[in-house]
Amino acid sequence: MDNIVYLLLDFFSILFPLLLSFNSKSEYFFYFKKLLPSVLIVGALFILHDIYFTKIGVWAFNENYLIGYDIINLPIEEWLFFICIPFASLFIHSTKETLHPTWVLSKEKTKIISIVLIIILLSVSILNMDRIYTFHSFGAAGLILIIGLIYKPVILQSFLISYLFIIIPFLIINGILTGSLIIDQVVWYNNMENLGLRIGTIPIEDFFYGFTLLLSPIILSEKI
C-alpha cells in the first residue's frame, strides 16, 4: 500500500472539490474551464522546472511511495500534482469569491502588503543565489506579485485572502509529502539548496512555490 501514497494524495486532494463542484451554488466548472489553458501553460513550465531540479538533485522522490511510472524522469504522481492541486486550490478561491465576495482587501492594504512582500521576497532571493530553490521560489513569487500589482491588483485583493484558506489543506498534503504522519518522506529536499527553515516538515520555499503556481494562471487567464 505504501507505493500508492502519493497517488492517493493526488486523488483525495481533488475528490472533495470535484464532488462539491456539483453543488448548485458552485460555478466552479465554468471558472476552471476559463482557467484551464493558463493552468496547463503554468503547469508545463513548473514540470520543466521540476524535471531540471530533480536532475540536479535539488529534490528527489522516494520510490517506496510511488507506483513506479516515470515520464521524463519525473513520477507520474508529480505530473498529476500539477492538475490536481491547482484544481483543488483554486476551487477554494472560487468558492470564496462566489459565497463571500466581500472578503477582499482594500486597494491600499493590497498595495502595502504586496510591496512589503515583494521587497522581502526579492531580497531573500538575491541574497541566496547560491541556494537554487530559495532563489527560484522567492524570486518567482516576488515577480508574480509585481505583475499582479501592476496589471491586476484586483486579483491580489481577493487572492491574498484566499491563499490563507488554501494554506490549510496545503499543510496537510505537503506535510505528508515531506514526512508528516508517515514513516519517511515522499519528497526529499537537499538542504544545501534551501534555507533549511521548515514549518512542520515543509520547507518554507514550498509556500511561495505554491503561491506562484496558483496565482500565475489566474493572472495569465486575464491575458489569453
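Read the figures in this text as sums done on the coordinates, not as results from a lab. What you see is a predicted model, and the numbers here were worked out from it, not measured in a lab. Here the Cβ positions follow ideal geometry from the backbone for every residue, glycine too, while neighbour counts run over all protein chains shown.
Among the residues of the stretch 152-200, the ones that are of a type in the set (S, T, N, Q), buried (at least 18 other Cβ atoms within 10 Å of the Cβ) and more than 24 Å from residue 87 (Cβ to Cβ) come to 2 in all.
Check 219, 199, 176, 168 and return the single one that is under 30 Å from residue 33 (Cα atoms) and touching a Leu at 6+ places or on another chain (Cβ under 8 Å).
Values: 219 fails: touching a Leu at 6+ places or on another chain (Cβ under 8 Å); 199 fails: under 30 Å from residue 33 (Cα atoms); 168 fails: touching a Leu at 6+ places or on another chain (Cβ under 8 Å).
That would be 176, the only listed residue that is under 30 Å from residue 33 (Cα atoms) and touching a Leu at 6+ places or on another chain (Cβ under 8 Å).
For the stretch 138-151, the candidate set comprises residues that are more than 14 Å from residue 108 (Cα to Cα) and of a type outside the set (Gly, Ala, Ser); within that set, the residue that is surrounded by the fewest Cβ atoms within 10 Å (Cβ to Cβ) is 151. Name the residues in the stretch 83-105 that are aliphatic (A, V, I, L, M) and surrounded by 17 or more Cβ atoms within 10 Å (Cβ to Cβ), would you? 85, 88, 90, 92, 104, 105 - these are the residues of the stretch 83-105 that are aliphatic (A, V, I, L, M) and surrounded by 17 or more Cβ atoms within 10 Å (Cβ to Cβ). Look at (1) buried (at least 19 other Cβ atoms within 10 Å of the Cβ); (2) in a helix (DSSP H, G or I) and you find that residue 80 fails only one, number (1). Total residues in the stretch 1-46 satisfying the condition of being out of contact with any Leu (no Cβ under 8 Å at 6 or more places or on another chain), hydroxyl-bearing (Ser, Thr, Tyr) and not in a helix (DSSP H, G or I): the figure is 2.
Taking each residue of the stretch 44-56 that is within 14 Å of residue 75 (Cβ to Cβ) and looking for partners that are of a type in the set (Ser, Thr, Tyr) with beta-carbon atoms closer than 8 Å, six or more apart or interchain, yields 53/133. Here residue 77 meets the list (1) within 16 Å of the chain's Cα centre (by Cα); (2) without any contact (Cβ under 8 Å) to a residue 12 or more places away in the chain almost entirely, failing just condition (2).
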